[in-house]
1. Quick one: is V160 buried (at least 24 other Cβ atoms within 10 Å of the Cβ), within 13 Å of ligand 1 (Cβ to nearest atom) and over 26 Å from F257 (Cα atoms)?
2. Taking the range 107-137, which residues are in contact (Cβ under 8 Å) with a residue 60 or more places away in the chain, more than 16 Å from ligand 2 (Cβ to nearest atom) and touching a Lys or Arg at 6+ places or on another chain (Cβ under 6 Å)?
3. Among I8, I28, which is modelled with pLDDT under 95, surrounded by 15 or more Cβ atoms within 10 Å (Cβ to Cβ), of a type in the set (V, I, T) and under 23 Å from I136 (Cα atoms)?
4. Does the range 311-335 hold any residues that are part of a strand (DSSP E or B), touching a residue at least 24 places away in the same chain (Cβ under 8 Å) and touching a Ser or Thr at 6+ places or on another chain (Cβ under 8 Å), and which are they?
5. Does any residue in the range 287-302 that is more than 16 Å from V182 (Cβ to Cβ) come within less than 6 Å, Cβ to Cβ, of a residue that is modelled with pLDDT under 95 and part of a loop (DSSP other than H, G, I, E, B) six or more places away or on a different chain, and which pairs are these?
6. Which of the following residues is among the small types (G, A, S), under 20 Å from V17 (Cα atoms) and within 16 Å of ligand 1 (Cβ to nearest atom): A205, A247?
7. Which of (1) over 15 Å from the mean Cα position of the chain (by Cα); (2) in a strand (DSSP E or B) is the odd one out, the single condition W207 does not satisfy?
8. With at pLDDT 95 or above and farther than 22 Å from L193 by Cβ as the only criterion, which of R285, R315, R256, R320 stands out?
Amino acid sequence: MPEVAVEIGPHGYSVHVGRGALEILPGIVAAVAPARTVVVSSPRVWRHHGDALQRALGAEAPRALVADAEGRKSRRGLEQIHDFLLHSGVGRDGLVVAFGGGVIGDLAGFAAATYMRGVDWIGVPTTLLSMVDSSIGGKVGINHPGAKNLIGAFHQPRAVVADLALLATLPRREARSGAYEVLKCGVIADRALFDSVTHAPASLAGWPGLEAAVTAACRVKAAIVSRDEREGGLRRVLNLGHTIGHALETVTAYRRFTHGEAVGWGMIGAAWLASARGLLPDIARDEILAGVDGLGRRPPLSDLAEDEILETLARDKKARRGRVPFILPVRIGEVVVEPDVTPEEIRAALRRMGTGPRA
Ligand SMILES: NC(=O)c1ccc[n+]([C@@H]2O[C@H](COP(=O)([O-])OP(=O)(O)OC[C@H]3O[C@@H](n4cnc5c(N)ncnc54)[C@H](O)[C@@H]3O)[C@@H](O)[C@H]2O)c1
Ligand SMILES: [Zn+2]
């Protein structure tokens with residue numbers, strides 16, 4: 001079974017990828033040797049796959065099922081898990097198994113980071129996005145009513161077990177959302193991965209290339225976070241597509257796009273910005289546009305006001321005097337950081353993307 005190493009000092013761990021990977025969970029738990037193992041999941045994930053997890057864990061581990069709407073990645077959700085850990089008698093030598101998508105991983109991981117100043121946790125991601133992205137790198141946290149992901153910590157899991165069989169029940173749109181992040185990893189660092197995703201069928205569940213693609217995407221993220229655990233600089237390249245993507249999520253109050261769809265639009269914007277700067281050949285730009293579009297239809301931008309998107313970008317915490325740093329592709333498989341993209345350049349790219357010209 002493919003295994004991707006995340007090499008972070010004494011906190012290194014492996015991401016195990018494969019259909020049926022849950023089988024190895026007992027061995028991983030045994031190696032951690034916790035005094036008590038508990039599970040945090042969501043009602044929906046548990047309904048689909050609770051039996052499989054219980055079979056893998058053997059004994060009936062206490063579990064908390066918390067709603068996994070983004071709004072529950074909150075102080076309230078966190079409190080619920082802290083209460084559960086206390087009532088279940090989890091001590092310093094306990095283990096939390098986070099079984100769900102990115103919301104459950106971020107929330108349960110942060111609960112594990114903060115409970116008794118940190119207990120062990122294992123990620124068992126159940127969405128494509130959480131397998132290739134949120135479960136790797138140790139960033140955990142919750143939202144503040146005023147800002148997403150404002151409160152958090154770095155707390156690396158002891159292992160990640162990504163069982164592709166769990167994806168069979170994932171709604172199509174959620175699967176696509178993760179596919180944009182897989183494609184992103186291809187554009188950043190892996191041409192072969194990009195090519196394989198662009199040739200994947202619309203339904204990823206039965207796709208024979210899925211295991212190789214998920215493994216390759218995990219490798220890209222793991223290699224980057226291994227060299228830059230705390231976001232010194234290199235880790236920024238993972239934000240390809242996210243600068244415009246976040247702005248689109250913000251101006252639509254997180255209601256119109258899935259995260260991956262917003263990132264898909266953001267990659268299209270980055271491709272136009274890069275080609276306008278002469279950094280990216282037209283052929284590669286068109287391949288990126290076609291690759292993103294090939295994943296399916298995204299909600300449109302035509303009614304979104306450019307000025308509002310630009311204002312949101314200017315408020316980006318990385319912006320300096322109106323100029324915004326961008327990760328831009330120079331070919332498929334390599335990106336650069338451009339620190340000083342101007343509002344005029346962004347406006348031109350937004351026009352290419354098809355936003356509305358006026359507020
Ligand atoms: N920590 C990080 O580095 C990092 C990176 C990227 C994203 N994130 C966070 O991840 C979150 C998004 O995660 P996500 O995209 O996995 O979404 P999610 O956790 O919101 O899950 C999406 C939906 O799919 C359902 N679901 C999950 N697994 C399923 C399955 N196997 N079958 C059927 N339904 C299933 C969930 O119940 C939910 O309704 C955001 O909060 C984001 O901030 C964190
Ligand atoms: Zn993302």
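The values are calculated or read from the model by the stated rules, or taken from the named source; none is laboratory data. Small disclaimer: the values here were computed from a predicted structure and weren't measured. Virtual Cβ from ideal backbone geometry, glycine too; neighbours counted across all protein chains shown.
1. So V160 passes the test.
2. Matches in the range 107-137: L107, D120, I122.
3. I8
4. Residues of the range 311-335 part of a strand (DSSP E or B): 320, 323-331, 334-335.
Next, only the ones that are touching a residue at least 24 places away in the same chain (Cβ under 8 Å) stay: 324-331, 334-335.
Selection gives V324, P325, F326, I327.
5. L301/G354; L301/T355; S302/G354
6. Answer to the selection: A205.
7. Every condition holds for W207 apart from (2).
8. Matching residue, one of R285, R315, R256, R320: R256.
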